[in-house]
Amino acid sequence: MENKLLSVLIWLPVLAGVLVLATGDDRRAETARKLALGFSIVIFLLSIPLYTGFDPTTARMQFVEHYRWIEPFNIFYSIGVDGISMPLILLTTLLTVVVVIAGWQVIQQRVAQYMAAFLIMEGVMIGVFSALDAVLFYVFWEAMLIPMFLIIGIWGGPNRIYATIKFFLYTLLGSLLMLVALIYLYNAGNGSFSILDFHRLPLSLDAQILIFLAFFAAFAVKVPMFPVHTWLPDAHVEAPTGGSVILAAIMLKMGGYGFIRFSMPITPDASHQLAWLMIGLSLIAVVYIALVALVQQDMKKLIAYSSISHMGFVTLGFFVFNPQGVEGAMMQMISHGFISGALFLCVGVLYDRLHSRRIDSYRGIATPMPVFAAFMVLFAMANAGLPGTSGFVGEFLVILGSFKVNPWFAIFAALTLVFGAAYTLWVVKRVVYGKVLNDEVAALNDIDRREILMLGILALMVLAVGIWPNPVLDVMHVSIDNLLQHVEVSKCLTECR
Amino acid sequence: MNLQTLHFELALPEILIASMASVILMAGLFLKPARSQETCFWLSIGSLLVTAALIIGDFSTRSVTAFNGLFVDDPMSDLLKVAICILSAVIFVYSRQYNRHRGIFQNEYYVLGLFSVCGMMVMSSANHLLTLYLGLELMSLCLYSMIAFYRDDALAVESAMKYFVLGALASSILLYGMSLLYGLTGALGLPELSAAVADVQPDNLALILATVFIVVALGFKLGAVPFHMWVPDVYHGSPTSTTAFIGAAPKIAAFAITLRLLVGGLEDLQGMWQQMLIVLALLSIMIGNIIAIAQDNLKRMLAYSTISHMGFFLLGILSGTDEGYGASLFYVLVYATMSCGAFGLILVLSDKNFESDRLSDLKGLNQRSPVLALFILVLMFSMAGVPPAAGFFAKLSVIQALVDAGLVWVAVVAVILAVIGAYYYLRIIKLVYFDTPQSDRAIFWVKDSVAVLTLNVLIVIAILPWIGSLISLCNQVVLEFVH
């Protein structure tokens with residue numbers, strides 16, 4: 001049983017999704033909701049042994065499964081996790097529970113399809129994080145787009161169709177270039193699609209740079225990095241709350257995961273050669289996008305830009321090539337998963353009540369909604385990187401790591417502590433505090449038990465990881481060290497660094 | 001020469017189909033009209049499935065020739081014939097209700113269909129230029145008349161006329177190319193031709209001309225750009241039951257003729273036809289995908305989609321490797337299955353006075369029938385080449401063959417053009433899922449059609465665990481043919 005755990009985690013959600021879909025139309029909506037919640041909790045509980053049974057002293061893949069799949073191309077159904085992917089899988093299973101709770105009352109139309117889409121997506125996302133075969137990875141990577149495309153398109157806002165098609169085509173183009181690179185690697189190597197074989201494959205610098213750029217097309221769009229980030233604000237604004245949460249909390253992480261699983265180890269020399277580009281784009285994202293966030297009128301857009309800015313930290317951390325940087329980036333990915341998810345839920349809570357996301361539609365909600373205000377302030381502080389919250393750990397480590405390489409990087413990166421604090425605190429000031437804006441705001445109901453539950457889970461995680469990050473850092477330590485050692489060794493056939 | 005050396009038994013499937021077609025023609029004439037349609041329908045389905053079973057039961061492991069080398073029975077022809085029979089049977093099931101509602105066909109649909117299937121089977125087994133041509137004409141003549149059967153409809157007559165004239169032109173170009181080859185080599189049998197071509201100087205002007213003629217004729221028959229003009233008109237103008245028929249099995253026959261001619265006969269000229277095919281293939285993918293965006297008729301859009309898929313199919317052939325040919329075969333099988341499902345859907349959605357062939361007819365289908373909407377979702381993503389549907393693996397194998405053959409730039413261009421293609425498939429899904437229905441017209445469920453359709457769509461997605469075996473099979477049969 002134990003060594004089939006990953007397969008169960010991938011396919012049980014998909015199966016559950018099909019089951020939920022089979023409950024049919026909205027007359028049985030309640031059944032669909034309960035079924036979805038039940039399954040998502042079971043899946044989360046099932047994913048805990050992944051953590052408890054994980055051996056943090058080795059960088060080797062664990063929970064490995066390996067079967068023949070497409071023999072003519074040597075494609076295997078090959079899955080496993082290491083310290084880099086395992087925490088991301090737990091993040092996925094936890095957030096799916098939160099998202100199911102979040103959609104409980106808001107979604108009243110085609111409930112079964114909504115819940116099914118999230119469950120199927122959960123399975124596929126776990127597949128992305130655990131695939132060890134490039135084609136298997138690619139299949140999961142693309143398949144993930146389909147439910148998200150539907151979620152934004154069916155349950156989204158007024159401009160949803162533009163947003164969802166833009167989202168789909170943008171990511172598809174990037175992914176297809178990655179596919180060509182993967183096929184090139186397959187032919188350059190010994191006819192193997194195994195990602196770990198790719199890691200060992202010697203490549204000339206020119207080939208590495210082209211492959212790096214092809215990967216960049218796929219992963220930079222997903223992260224998203226400046227200047228290919230423009231799909232994200234559109235997608236976030238139009239998506240239903242649950243869609244925004246998954247998009248920000250998990251899908252963006254796949255871009256980061258791609259850099260660390262593919263780009264860096266497969267093309268280490270190109271990564272070093274092009275590090276200036278990556279760091280430059282990351283710093284632009286960190287500083288410029290933070291300024292863009294400052295002027296937003298729409299809360300969802302503001303959080304979307306804040307996400308891009310925070311993800312800039314992730315890519316910055318990766319490409320300074322030291323343990324602090326990479327571990328900080330990983331921490332930032334996980335913490336951003338909690339915080340951005342929570343912030344989107346907060347906006348969702350407000351939107352459900354007044355059907356406006358504009359900042360100037362609210363003022364002084366602390367008076368009618370004290371409990372909610374407390375949560376929102378906590379998450380805003382975490383977003384600004386307040387020590388004691390998870391947001392601080394990642395940012396601090398990344399700044400530390402980049403300082404070692406070049407103090408200027410650290411100075412620019414640290415600017416975000418100022419700008420980030422500026423836009424989050426300003427929005428909190430305008431929305432939460434001050435005199436109550438009007439009677440509508442005064443009549444708002446505070447959050448109910450369901451909403452407290454979903455925000456509470458995330459608040460707990462933000463504080464837990466912020467105060468005591470070691471349980472998360474410990475599992476990835478060895479894997480990251482191993483990765484960095486690997487990246488330091490040149491793959492070129494002749495001297496190229 | 002006695003009858004035994006002719007080996008009639010190898011052509012048993014063709015003989016069976018041709019005689020059953022004749023039987024059905026007679027049955028249709030002599031049975032009471034009320035009963036004849038049902039009887040003919042079941043007879044046709046029965047003969048197609050029995051033929052398929054017969055071929056599977058006696059699947060060749062090596063190639064054997066019959067009729068003094070005119071005809072060959074090899075694993076590849078067996079695989080193609082099985083696919084042709086099964087797909088045609090499926091289309092017959094989808095079409096029954098449509099034809100009955102319109103009263104345009106009595107039993108001729110089945111008779112012509114079966115003769116056309118016979119032609120396709122002959123093409124699959126052709127080992128000689130004349131057999132190839134014979135099969136091609138048998139198939140095409142039946143198709144012309146199937147299109148023109150909607151004789152009160154100006155559009156249908158126009159498209160039949162167009163198809164006939166252009167088809168005849170293409171056939172004559174093909175014949176001209178063949179006669180040049182005969183003049184140069186004195187050979188008509190494909191193996192002899194292949195051997196003789198190797199001895200001719202490759203810069204021989206007549207040989208170049210012959211190759212050009214043959215490639216042009218194939219371009220016409222496949223509907224590759226710039227010889228694609230007939231495809232949208234024919235797809236749009238024909239009765240949907242005929243379009244569905246044209247969209248599935250004949251593509252498999254097209255694979256047969258392309259491979260038999262270019263690889264079986266002219267493999268030594270690969271360098272020459274490879275360059276021509278690169279142009280045809282990339283243009284097809286580009287023009288097909290771009291013009292499809294502008295269509296508001298579903299059948300016409302699928303026609304342009306066919307053009308782009310034929311481009312992808314050519315990419316496999318032009319890579320010039322055994323894996324490439326295998327990839328093409330796999331691509332064609334997957335494409336024909338998807339196309340079959342897509343037209344099946346249109347046929348299921350249409351009823352007595354309603355063609356259901358405009359894009360706007362699909363609006364809000366998810367609210368009227370979530371199951372059919374899900375089918376469209378699967379088919380469209382599969383056609384767009386988005387995993388996990390089978391269409392992705394078809395594209396993957398073709399692109400893999402291209403990269404393997406060193407044509408990385410062709411692969412990159414094709415992939416970028418495929419993103420353009422994704423747009424119009426997405427638009428269908430947008431109509432089905434994101435828009436509100438325009439009418440609440442009840443969907444008339446034809447039980448047998450929907451059952452077969454379910455199976456058809458399920459294959460596109462549920463083949464996943466076994467997809468490796470299918471690719472292996474395609475590679476094996478091609479390998480047997482090439483060597």
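Along its three principal directions, the equivalent ellipsoid of the protein assembly as shown from the Cα gyration tensor extends over semi-axes of 55, 33, 23 Å, largest first. Amide hydrogen proximity for A:Ile75: with H placed 1.01 Å from N in the peptide plane, the residues at 5 or more positions away or on another chain lying under 5 Å are A:Trp69, A:Ile70.
Counting only other chain Cβ atoms within 10 Å of each residue's Cβ, the peptide B:422-435 averages 4. All Cα-Cα distances of region A:59-133, cut into 5 Å bins from zero to the largest, leave 3, 14, 20, 17, 15, 12, 9, 7, 3, 1 percent in each bin in turn. Ranked by the mean number of other Cβ atoms within 10 Å of their residues, highest first, the peptides B:5-11, A:127-133 come out as A:127-133, B:5-11. Here chain B is scanned for trypsin sites (Lys or Arg not before Pro) in DSSP loops (not H, G, I, E, B) that have at most 14 other Cβ atoms within 10 Å, and the longest stretch holding none of them is B:152-351. The mean of 1/r over all distinct Cα pairs in region B:263-359, once inverted, gives the Kirkwood hydrodynamic radius of 14.8 Å. Potential lengthening of the chain between B:Ser179 and B:Phe8 amounts to 58.8 nm, from the contour at 0.36 nm per residue minus the alpha-carbon distance. Residues whose amide H lies under 5 Å from that of A:Asp133, counting only those 5 or more places away or on a different chain, are A:Ser78, A:Ile195; hydrogens are built 1.01 Å from N in the peptide plane. Temperature 10 °C, viscosity 1.306 mPa s: under these conditions the Stokes-Einstein estimate for region B:397-444, based on its Kirkwood radius over C-alpha pairs, is 117 µm² per second. Projected label points at B:Gln275 and B:Arg100, each 7 Å from Cα along the beta carbon direction, are separated by 5.7 nanometres. Every Cα-Cα pair of region A:139-268 was included, and the share exceeding 19 Å stands at 49 percent.
Averaged over the residues of peptide B:383-393, the number of Cβ atoms from other protein chains lying within 10 Å of each residue's Cβ is 5. Its Cα gyration tensor gives region B:1-58 an equivalent ellipsoid; the semi-axes, largest first and in whole Å, are 28, 15, 4.
All alpha carbon pair distances within region B:368-449 were sorted into 5 Å bins beginning at 0; the resulting P(r) in whole percents reads 3, 13, 18, 19, 14, 12, 8, 6, 4, 3, 1.
Region B:110-159 and region B:317-377 have their alpha-carbon centroids 22 Å apart. With the convex hull drawn over the C-alpha atoms of region B:369-417, the volume per residue is 55 Å³. Calculated [222 nm] ellipticity per residue, helices only, for chain B: -25000 deg cm²/dmol; basis is -39500 (n - 2.57) per DSSP H run with n ≥ 4, divided by all residues, nearest 500.
The Rg/Rh ratio of region B:302-342, with both radii computed over alpha carbons and Rh defined as the Kirkwood radius, is 1.02. Label positions at A:Ile284 and A:Leu354, each projected 7 Å from the Cα along the C-beta direction, are separated by 3.6 nm.
Annotation note: trypsin sites (Lys or Arg not before Pro) in region A:60-149 located in DSSP loop regions with a Cβ neighbour count of at most 13 within 10 Å are A:Arg60. In order along region B:52-65, phi translates into HN-Hα couplings of 4, 4, 4, 5, 4, x, 10, 5, 5, 10, 9, 9, 10, 9 Hz, rounded to whole numbers, per the Karplus curve 6.51 cos²θ - 1.76 cosθ + 1.60 with θ = phi - 60° and x for Gly and Pro.
From the P(r) of region B:440-483, can you give the percent of Cα pairs sitting at distances over 14 Å? Looking at region B:440-483, the distances longer than 14 Å represent 67 percent of pairs. A convex hull fitted around the alpha carbon atoms of region A:249-375 yields 101 Å³ per residue. In region A:4-136, the ratio of gyration radius to Kirkwood radius, Rg to Rh, stands at 1.04 when only Cα atoms are counted. Of the residues B:Gly311, B:Ala253, B:Gly288, the one whose Cα sits farthest towards the positive end of the charge dipole of region B:215-311 is B:Ala253 (charges of +1 on Lys and Arg Cβ, -1 on Asp and Glu Cβ, taken about the Cα centre). Of all lysines in the structure, the ones whose alpha carbon falls short of 16 Å from that of B:Lys430, not counting any fewer than 8 places away in one chain, are A:Lys166, B:Lys363. Expressed in units of 2.2 N^0.38 Å, where N is the residue count, the Cα radius of gyration of region A:322-370 is 1.66.
Computed as a quarter of the hull surface, the mean projected area of the alpha carbon convex hull for region A:441-497 stands at 8.5 nm². Averaged over the residues of A:68-77, the number of partner chain Cβ atoms lying within 10 Å of the residue Cβ comes to 5.
Using equal-weight Cα scatterers in the Debye expression, the normalised intensity of region A:15-62 in log10 at q = 0.31 Å⁻¹ is -1.08.
One equal scatterer on each Cα of region A:23-94, no solvent, Debye formula: the resulting log10 I(q)/I(0) at q = 0.14, 0.16, 0.24 Å⁻¹ is -0.66, -0.75, -1.01. Cross-link partners of B:Lys221 among aspartates and glutamates, defined as those whose alpha carbon lies under 12 angstrom from its own and excluding same-chain residues fewer than eight positions apart: B:Glu137. What list of whole percents do you get for P(r) of region B:206-331, with Cα-Cα distances grouped in 10 Å bins up to the one holding the largest distance? Final binned percentages: 14, 46, 30, 10, 0. So if the hydrodynamic radius of chain B is defined as the Kirkwood radius over C-alpha pairs, what does Stokes-Einstein give as its diffusion coefficient at 37 °C and 0.692 mPa s, in µm² per second? The diffusion coefficient I find is 146 µm²/s.
The packing ranking, built from the mean of other Cβ atoms within 10 Å per residue, places the peptides B:184-194, A:352-362, B:413-423 in the order B:413-423, B:184-194, A:352-362, highest first. Please report the spacing between the Cα centers of region A:332-376 and region A:450-497 in Å, no decimals. Comparing the Cα centres of region A:332-376 and region A:450-497, I get a distance of 27 Å. Relative to the 2.2 N^0.38 Å rule of thumb, region B:346-483 has a C-alpha radius of gyration ratio of 1.27. Note that chain A, at 25 °C in a medium of 0.890 mPa s, gets a Stokes-Einstein diffusion coefficient of 109 µm²/s from its Kirkwood radius over C-alpha pairs. Just report the Cα centroid separation between region A:258-296 and region A:94-159, whole Å. Cα centroid of region A:258-296 versus Cα centroid of region A:94-159: 27 Å apart.
Sorted from longest to shortest, the spans of the Cα atoms of region A:359-497 along the three principal axes equal 73, 31, 24 Å.
No value in this document is a laboratory result; all are computed from the given coordinates. None of these values were measured; they are calculated from a predicted model. Neighbour counts are summed over all protein chains in view; Cβ atoms, including those assigned to glycine, are modelled from backbone coordinates with ideal geometry.
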